[in-house]
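Below: the structure, in structure tokens.
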Amino acid sequence: MLELLGSGLVSLWLEMAGVQIKPSDALDPLTWQSSPGLVIAPDPNPAGANTVKQYLQGLLKSKLIAQNLTQSQGIWMQSGPVLMADHQGTTPLPAASLTKIATSLVALKTLGSNHQFDTMISATGPIVNGVLQGDLVIIGGGDPMFVWEEAIALGNTLNKMGIKQVKGNLVITGNFAMNFQRHPLLAGQMLKQSLNSKTWTRPAIYIHSIMPKGTPKPQLVIAGQVKFTPQSNPQQTLLVRHRSLPLKQLIKEMNVYSNNEMAHMLADSVGGHQVVQVKAAKMANVPEAEIQLINGSGLGQENRISPRAACAMLMAIQQEAAADQLNLADLFPTSGFDHRGTMQHRHLPAATVMKTGTLRDVSALAGVVPTRDRGLVWFAIINRGPQITAFRQQQDKLLQSLVQQLQIPPHVPNALTPHTAKSLPELGNTNRNEIVFKS
């Protein structure tokens, strides 16, 4: 990519777009590479600006917003280094779950796309005739998606090792959550239930029914209680190392369902929301004032992001993902590929990669849409007002109108084509349970 930028193709692209620049204004490739949100010229084609103008007029006409609330709506639209539309685009606004874009960016950069969180399973006593003479200890490592399937697979692995009963307690320590429940005792109760199929209730029964045919039902009886301790016993014996899904899949699931608990745990794993805020602004090359966070999920009006910063962070993620032969579609829901979570009931142009954000009076949408005449168009729309469903419909129509004017590309660009045909993660795979204990 650097070679292409350095060869003058950026200047050629701008000329094709009708933007006249002097040779001295040509982009330095290193500057471009480190400046995802860099804008050096306005767009001479009014399609973007006109579409946004009509969109805002439509909100007023339909009384979705009052005249005095026009300035509380934020929109940014950009293609390459060309700015297509800007309405309050640099103003930090309550962005709801667009905050997860920042969490995704910093987690990807800090941990790497293939990072896996380890959950260690240990014992405080010997195993005699299938009975663990002590406690079963779970040492959490921050796995944000340890769910029923993973627990069932863990139970089957312990059964495979010959462990059928635990005389002592189920002890939780470290950063452990199950089914997005971060309270250690509540998470531990669910884990205890999942390890013994005779105690299953409807949720566990259903999950097992959709797991691969032939998946065994674990039978591990824990005689004691669920307890929490902040410090693990140094004398315990390590039995199993459970590895989470790779980070790239965790980020995708978090964004598909806009899962707040996963976002909190991922933000914690890189140092917390303040670290996310600072690093995201630096990587996106926007002022820190345009990204103001109080957590990693977006819960709360105090999480404020400008539309420009949302677009710049998405571009930064695309660059970061490319280093691992990935792209944005591998990390966020994509129209025509994902049909679940936040993509349901949306009517977006084909191959639109997006992230939604919703609070009581916030409806946000950011992402990238491919076009024939402008290539990849990065966009962010932040609406303020109580009519959430109507705002979503108007956002979809805005993008449809834009693509109608700029034309549908002849094929989905490689930059927005997911690298796997499977959209569902492989939860409950026992291959991620490494048996460490040797009897």
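The values are calculated or read from the model by the stated rules, or taken from the named source; none is laboratory data. All values reported here derive from a predicted model rather than from experimental measurement. When we count neighbours, we look across all protein chains shown, and the Cβ atoms used for this are built from the backbone with ideal geometry, even at glycine.
Worth a mention:
- Condition check for LEU238: out of contact with any His (no Cβ under 6 Å at 6 or more places or on another chain), at pLDDT 95 or above and within 20 Å of ASN429 (Cβ to Cβ): no
- Checking every residue in region 161-168 against the condition of being charged (D, E, K, R), over 23 Å from ASN259 (Cα atoms) and surrounded by fewer than 21 Cβ atoms within 10 Å (Cβ to Cβ) gives at least one match.
- Taken together, the residues in region 424-439 that are exposed (fewer than 15 other Cβ atoms within 10 Å of the Cβ) and either closer than 24 Å to MET354 by Cα or aliphatic (A, V, I, L, M) (or both) amount to 3.
- Within region 391-439, the set of residues being within 21 Å of GLU149 (Cβ to Cβ) and either in contact with a Cys (Cβ under 9 Å, 6 or more places away or on another chain) or of a type in the set (D, E, K, R) (or both) comprises LYS422, GLU426, ARG432, GLU434.
- Out of ASN175, ASN255, sole residue that is in contact with a Gly (Cβ under 9 Å, 6 or more places away or on another chain), not assigned by TED's automatic domain parsing to the domain that holds VAL147 and not β-branched (Val, Ile, Thr): ASN255
- Among the candidates ALA329, ALA364, residue that is closer than 15 Å to ASN255 by Cα and within 14 Å of the chain's Cα centre (by Cα): ALA329
- Residue in region 427-435 that is in a loop (DSSP other than H, G, I, E, B), touching a residue at least 60 places away in the same chain (Cβ under 8 Å), touching an Asp or Glu at 6+ places or on another chain (Cβ under 9 Å) and on the phi < 0 side of the Ramachandran plot present: yes
- Residue within region 393-402 that is surrounded by fewer than 15 Cβ atoms within 10 Å (Cβ to Cβ), of a type in the set (Gly, Ala, Ser), in contact (Cβ under 8 Å) with a residue 60 or more places away in the chain and out of contact with any Asp or Glu (no Cβ under 8 Å at 6 or more places or on another chain) present: no
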